[in-house]
Amino acid sequence: MIVRTQTAQFEELPLDCGETLRAVEVAYETYGALDADKSNAVVVLHAFSGDAHAAGISEEDGKPGWWDNMIGPGKAFDTNRYFVICSNCLGGCGGTTGPSSIRPDTGRPYGSSFPYVTIADMVRLQKQLTDSFGIERLLSVAGGSMGAIQALQWVVDYPEAVASAIPIAGTHRHSAQQIAFNEVGRQAIMADPDWENGDYYEGAGPSRGLAVARMVGHITYMSDDSMREKFGRRRREPEPHSSGAFEVESYLRYRGGQFVSRFDANSYLVITRAMDSFDATQGFSSIGEAIGRTEARFLVLSFTSDWLYPSYQSQETVRALRSRNLDVAYVEIPSNYGHDAFLIEVGEQTELIKSFLENTYKRLPLPASQMGA
């Protein structure tokens, strides 16, 4: 399946910080067909470093989408039955307005002038996108990691616009440890001599700092078992004190360099700050009150070896949902892949999600055209 990233444009987007972004662009892809009654739409939400290219083969670069093993005909998100939408998040660098975008009133990149954005701002823009399709109620919102956080924000902000949610390996708010890892990455970027206070677009840019930030982040995505199986203490060079002597060192440097070629350092700062500030309880007495205004069904998934978003965080969300007598299923999936498991463990996730979406779709009210038939 060859897919092309499309762009939607909106005149403005009000932000939680009080500012308003003008001439906002959103990069997105769609898979499958929207039903006549527009009841089969699923929004898939990407993780921190993801983009709109979730499935299929990109028309631009020939690469598969980041969740191609889960989205497509007969897959977990079966595009023979569902209309799947994935957009690049606000503040990103994959085609949606972000710090590297041209500011309309200056003709130069936003850089350091890009406003502070929240997860709620990201979801607000996604809601504008789904509204442009004429979709009043989504069959589901689903995603892993930051995608899970956005899925919860959807339910909090638009409780009547979501029939179900599938938060995978996520949390309703970051722990001190999660914030700490993100701060190390931010400090690595800002310590780079080429940082230029965020206005680096005419220069080299903080590539070394961004690479280090990604190296730190990538360690948190894996588990001790997966790193031991993949690398152990194997060496690439015989000299014990040479640079890159261990395979794991070489791998991390490769990952860091690869990330620099496709990601913007300012977007790293904007998005991680949005994630760290996210708290589904904000404005409510509890997570139960925040989420409990919805009648949506939930499928919550976590993974045994995930120490970045450990299972106890998903279980906190599940307990809050059940305290409100909501329809929620929870599964902790055995895996050695750590946080990356949501991208790798296809088998069990596929069976769980396919069944959940089928049951959700069957429970939808009949379209008005079929009422009384």
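The values are calculated or read from the model by the stated rules, or taken from the named source; none is laboratory data. Please read these numbers as outputs of a predicted model, since none were measured by experiment. For neighbour counting, all protein chains shown are included, and Cβ atoms are generated from backbone atoms with ideal geometry for every residue, glycine included. Heavy atoms of the whole protein, side chains included, go into the accessibility calculation; ligands, DNA and RNA do not. Shrake-Rupley method; radii C 1.70, N 1.55, O 1.52, S 1.80 Å.
So here's what we get for this one:
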{"item": "Euclidean distance of C-alpha centroids, the stretch 52-80 and the stretch 100-136, integer Å", "result": "24"}
{"item": "The stretch 147-190 - Kirkwood radius from inverse mean 1/r over Cα pairs (Å)", "result": "12.1"}
{"item": "Peptides ranked, highest mean first, by Cβ atoms within 10 Å: ranges 303-315, 186-198", "result": "303-315, 186-198"}
{"item": "Computed lengthening from Ser112 to Thr281, 0.36 nm per intervening residue step minus Cα-Cα distance", "result": "57.9 nm"}
{"item": "Cα-based Kirkwood hydrodynamic radius, the stretch 260-344, one decimal, Å", "result": "14.9"}
{"item": "Whichever lysines have a C-alpha closer than 24 Å to that of Lys75, once near sequence neighbours (fewer than 8 apart) are set aside", "result": "Lys38, Lys63, Lys354, Lys362"}
{"item": "Cα centre as origin, Lys/Arg/Asp/Glu Cβ charges: the chain dipole, Debye", "result": "560"}
{"item": "Length-normalised contact order for the stretch 18-153 - Cα pairs under 8 Å, 6+ apart - percent", "result": "32"}
{"item": "Nearest-20 debye value, the stretch 1-151 charge dipole, Cβ charges on Lys, Arg, Asp, Glu", "result": "160"}
{"item": "Cα-derived Rg to Rh of the stretch 3-159, Kirkwood definition", "result": "0.96"}
{"item": "In degrees, nearest ten, helix 176-190 long axis to first principal axis of the chain (Cα)", "result": "50"}
{"item": "Solvent-free Debye scattering, log10 I(q)/I(0), computed from the Cα coordinates of the stretch 76-205 at q = 0.15, 0.16, 0.21 Å⁻¹", "result": "-0.88, -0.96, -1.28"}
{"item": "Length-normalised contact order of the chain in % [C-alpha pairs under 8 Å, at least 6 apart]", "result": "17"}
{"item": "Rounded Å value of the spacing that divides the Cα centres of the stretch 334-357 and the stretch 161-191", "result": "20"}
{"item": "Computed helical MRE - 222 nm, the chain, DSSP H runs ≥ 4 contributing -39500 (n - 2.57), nearest 500", "result": "-11000 deg cm²/dmol"}
{"item": "The stretch 129-277, relative contact order [Cα under 8 Å, separation at least 6], %", "result": "20"}
{"item": "Accessible surface, per residue, of the chain when the full set of protein chains is kept, probe 1.4 Å, Å²", "result": "44"}
{"item": "Volume per residue that the Cα convex hull of the stretch 140-231 spans, once the total is divided by residue count, Å³", "result": "154"}
{"item": "Solvent-accessible area, 1.4 Å probe, carbon plus sulfur percent, for the chain", "result": "48"}
{"item": "Inter-site label distance for Ala36 and Gln9 at 7 Å from Cα along Cβ, in nm", "result": "3.4"}
{"item": "Furthest towards positive pole of dipole, Leu15, Leu326, Trp66, structure part the chain, Cβ charges", "result": "Leu326"}
{"item": "Rounded FRET efficiency, nearest 0.05, which uses the C-beta distance separating Val331 from Glu60 and R0 of 51 Å", "result": "0.90"}
{"item": "Beta bridges per DSSP with both ends in the chain, % antiparallel, nearest 5", "result": "40"}
{"item": "Fully extended contour minus Cα-Cα distance, from Thr20 to Lys230, at 0.36 nm per residue", "result": "71.0 nm"}
{"item": "Two-site FRET efficiency, Glu348 against Asp199, from Cβ-Cβ distance with R₀ of 45 Å, rounded to 0.05", "result": "0.45"}
{"item": "Residue (of Gln315, Gly338, Ala280) at the positive-pole extreme of the stretch 273-373, dipole from beta-carbon charges", "result": "Ala280"}
